[in-house]
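Notes to accompany the following structure.
No lab work stands behind these numbers, since they all come straight from the coordinates. The structure presented is a predicted model; accordingly, all values stated were derived computationally and were not measured. Note: ideal-geometry Cβ built from the backbone for every residue, glycine included; neighbour counts use all protein chains shown.
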Amino acid sequence: MFRLLLIACFCVVQAIGMQPLLLSLDEDPRITQKFLQQIIPECARLDGSSFRTYGDRFDRPPCIAVLHYTETRNRGGAMEAFRDNGTSAHYVVDQDGDIIQIVPLHHRAFHAGVSRFGDHTSLNGCSIGVEIVNRGLAEHEEPGAVQLLGDGRWWFPFPPEQTRAVGLLVQALQARFRIPGWNVVGHMEIALGRKSDPGPLLDYRTLFVDYHGGFFPSEDPIVNRMEFLERLVEDDYHAILSLIGYRPPEGQWSLAIKAYQMHFSRGNISGELVEETKESLIHFVLDIHSYRDPYTGTRHTSFIAEFHTLVWTAPERFDPFFQHIPSLQAGE
């Protein structure tokens, strides 16, 4: 019922041209308790002894949304894992598209662990956590699981109705907290090498194209493609990854490359800097220069400024970008 109400609200605001607003359960504690009692009785009391695995209030509005998978077969298993591990997330999205809130949005959830994205560290203090019910991955082939090039493990797909619910929820969170699309990330991107969720089978492109959730670069052919590929060297791609927010431990760039591939370039998720990944990173740079986030009304100015500084350290290698980025041509 709640899922239908949430979707109906989005349809109304989109039909009349308004920005979507988040329908939040924690605005009325009585509704929260009643809803939780109906859906997940074992967690009926947000402020009770049965489920209190969340932290203090945020010091400032959250600026990042982190997506996870639960590594469980169903929602009940996820709730049990939360209770046993002392972890939590603000929302759980079930396989049928139901959206359940289990932590008040003004409190920190315990979902990120040791984490970093760009200059942000310990992301529990500045992020909203969304857990998506999914078995995650298997070391051996299992019915329904999918294996991707460059990775020997088997991944479980996300049903379309669940992807739709994630898209609507991410859209709503971005609108409420003014979270820019480039700050919608997977757990694998903030805990490089330590986490793999939500993995490569979550359709991040659909989240962006159909629901304006997150950010995703174009996959169209690049003009003068070979000129880019022939001039740029490995360290240039590493520098771009760093500007996006990937900060691997001790220069272990394969971890950053693999995390990027699982989000943006899943044709090969080996962690190697293959041609497809290089093209995706070039597209990211080109597209982010022209992208204005609809929820903040801003461009990714820090990335743009730092990339321009990078360009002028080796203008001969980055020369192909001058043809595509007007601000570089103007020397800004």
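Which length gain, in nm to one decimal place, applies between SER122 and ARG247 when the Cα-Cα distance is subtracted from 0.36 nm times their residue separation?
Once the chain is fully extended between SER122 and ARG247, it gains 43.7 nm.
Which length gain, in nm to one decimal place, applies between GLU141 and ASP84 when the Cα-Cα distance is subtracted from 0.36 nm times their residue separation?
17.7 nm
Take each of the peptides 310-321, 129-140, average the number of other beta-carbon atoms within 10 Å over its residues, and list them starting from the highest.
Ranked by mean Cβ neighbours within 10 Å, highest first: 129-140, 310-321.
Rg over Rh of the range 256-310, using C-alpha atoms and the Kirkwood radius, what does it come to?
Using Cα coordinates only, the ratio equals 1.04.
With Kirkwood's inverse mean 1/r over C-alpha pairs for Rh, give me the Rg to Rh ratio of the range 129-201, two decimals please.
Across the range 129-201, the Cα-based Rg/Rh ratio is 1.01.
Multiply the residue gap between VAL114 and SER254 by 0.36 nm, knock off their C-alpha separation, and tell me the result in nm, one decimal place.
Contour length minus Cα-Cα distance gives 48.5 nm.
Charges only on Cβ, +1 for Lys and Arg, -1 for Asp and Glu: so what's the dipole of the range 225-329 about the Cα centre, in debye to the nearest 20?
With only Lys, Arg, Asp and Glu charged at Cβ, the dipole is about 380 debye.
Report the FRET efficiency, 1/(1 + (r/R0)^6), for ARG205 and GLU316, where r is their Cβ-Cβ distance and R0 is 35 Å, rounded to 0.05.
0.55
Once a ≥ b ≥ c are taken as the square roots of the eigenvalues of the Cα gyration tensor of the range 180-250, is the result rounded (a/c under 1.5), prolate (a/b larger than b/c) or oblate (a/b not larger than b/c)?
In terms of gyration-tensor shape, oblate.
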